[in-house]
Amino acid sequence: MVVTQGTESDMTLPSWQDTKLGGKIRAALWLETEVGVGNTFTKAELRKAFPEVAQIDRRLRDLRDFGWRIDTSRDDPALKQEEQRYVAKGAEVWIPGQAKTAKHKNSLSAAQRTKIMSDDNFLCRTCGIGSGEPYEDDKDVLSHLNVARREVVLPGGAIEFQMVTECKRCGSTGTKQVDLAAFLGQVEGLSALEQQVFASWIAADQRTRGAMEKLWGIFRTLPVASREAVRQAVAGDNK
Ligand SMILES: [Zn+2]
């Protein structure tokens with residue numbers, strides 16, 4: 001599933017204090033300019049910023065339908081009860097037309113979410129944990145898988161949002177960006193043998209022990225005279 005978004009404009013943002021704008025738009029601008037991605041805020045701070053807007057917390061919640069990610073203590077156990085975290089920016093709702101199309105594109109159906117998770121083998125693509133498993137470093141917490149947006153820099157420089165399975169804990173660290181163009185360049189720079197090994201890992205969706213690792217496992221157990229014989233054989237091959 002691919003979600004495309006227009007390239008970021010250099011235009012300065014409208015002011016969140018502009019009372020001609022709607023509550024939802026002003027809340028989005030407030031998050032962007034006053035809070036900042038990754039930072040927390042409280043309901044009290046929100047209400048203090050918008051004393052004249054009725055139901056500002058509801059307007060803020062509405063942003064979730066447009067791809068904005070705002071976590072509460074229910075989503076992220078690290079947050080205090082009164083705290084919320086601005087995790088990821090969604091559609092630029094202050095741009096005319098963005099709000100309407102984005103809602104459609106950003107809301108995934110249950111079937112689409114299941115398809116993404118199934119394609120990802122029901123593993124968090126960031127830390128590798130499965131669904132409902134305890135974390136190595138915190139056995140009391142069980143993982144919960146979500147679908148997150150990943151910002152991908154395509155060859156040519158365009159940015160595309162692609163969906164990926166991620167556990168709640170990894171997702172709480174903010175939007176991640178991946179430079180696919182640079183990564184492809186590195187893969188293409190591998191030797192033919194390395195590419196072959198890499199292809200087998202991709203097929204298995206894990207780093208399997210290949211021929212090289214098995215040979216090395218045997219080699220390191222050899223007595224010195226035998227190791228020397230192997231060393232010479234390899235050096236001979238490289239001539
Ligand atoms: Zn994870």
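Going from most exposed to least, what order do T208, T72 have by accessible area with a 1.4 Å probe? Can you show the working numbers first?
Details: T208 50, T72 25 Å².
From most exposed to least exposed: T208, T72.
About the Cα centre, and with charges only on the beta carbon of Lys, Arg (+1) and Asp, Glu (-1), how big is the dipole of the chain? Nearest 20 debye, please. Intermediate values should be presented prior to the final figure.
Details: 34 positive and 33 negative charges, 87 e Å.
With only Lys, Arg, Asp and Glu charged at Cβ, the dipole is about 420 debye.
Compute the projected area of the convex hull of the Cα atoms of segment 140-239, averaged over all viewing directions, and report it in nm² to one decimal place. List each step's numbers first, then the result.
Values: hull surface 43.8 nm².
Seen from a random direction, the Cα hull of segment 140-239 projects 10.9 nm² on average.
First obtain the Kirkwood hydrodynamic radius of segment 64-194 from its Cα pairs, then insert it into the Stokes-Einstein equation at 25 °C and 0.890 mPa s, and state the resulting D in µm² per second as a whole number. It would help to have the intermediate numbers written out before the result.
Details: Rh = 16.6 Å.
So the translational diffusion coefficient is about 148 µm²/s.
Ignoring everything but the protein chains, give the 1.4 Å probe accessible area of L21 in square angstrom, nearest 10.
50 Å²
Can you sort R209, R149, R74, R59 by 1.4 Å-probe accessible area, starting with the largest? Walk me through the numbers on the way to the answer.
Numbers: R209 155, R149 40, R74 200, R59 70 Å².
Heavy-atom accessible area, descending, gives R74, R209, R59, R149.
Provide the solvent-accessible area of W216, counting protein heavy atoms only and rolling a 1.4 Å probe, rounded to the nearest 10 Å².
About 150 Å², rounded to the nearest 10.
Just to be sure I understand: of the beta bridges DSSP finds with both ends in the chain, what percent are antiparallel, rounded to 5? Can you show the working numbers first?
Details: 20 of 23 bridges.
The antiparallel fraction comes to roughly 85 percent.
Roughly how many Å is it from the Cα centre of segment 107-132 to that of segment 192-211, as a whole number?
For segment 107-132 versus segment 192-211, the Cα centre distance is 23 Å.
Any idea of M163's accessible area? Nearest 10 Å², probe 1.4 Å.
30 Å²
Taking Cα pairs under 8 Å and at least six residues apart, what relative contact order does the chain come out at, in percent?
Computed value for the chain: 16 percent relative contact order.
Can you list, by residue number, the Cys in the chain that have no neighbouring cysteine C-beta under 4.7 Å?
By the Cβ distance rule, which asks for a partner under 4.7 Å, the isolated cysteines are C127, C170.
Provide, for q = 0.12, 0.15, 0.16 Å⁻¹, the log10 of I(q)/I(0) from a solvent-free Debye sum over equal Cα point scatterers in the chain.
Results for the chain at q = 0.12, 0.15, 0.16 Å⁻¹ read -0.83, -1.13, -1.24.
Quantify, in whole percent, the carbon and sulfur part of the accessible surface of segment 190-237 (1.4 Å probe; protein heavy atoms only). Kindly include the intermediate steps, with their values, before the conclusion.
Values: 2470 of 3980 Å².
Carbon and sulfur atoms account for 62 percent of the accessible area of segment 190-237.
The values are calculated or read from the model by the stated rules, or taken from the named source; none is laboratory data. This is a predicted model, so every value here is computed, not measured. Using ideal geometry, Cβ is built from the backbone for each residue, glycine included, and neighbour counts are taken over all protein chains shown. Heads up: the accessible areas ignore ligands, DNA and RNA and are worked out on the full protein's heavy atoms, side chains in. Shrake-Rupley method; radii C 1.70, N 1.55, O 1.52, S 1.80 Å.
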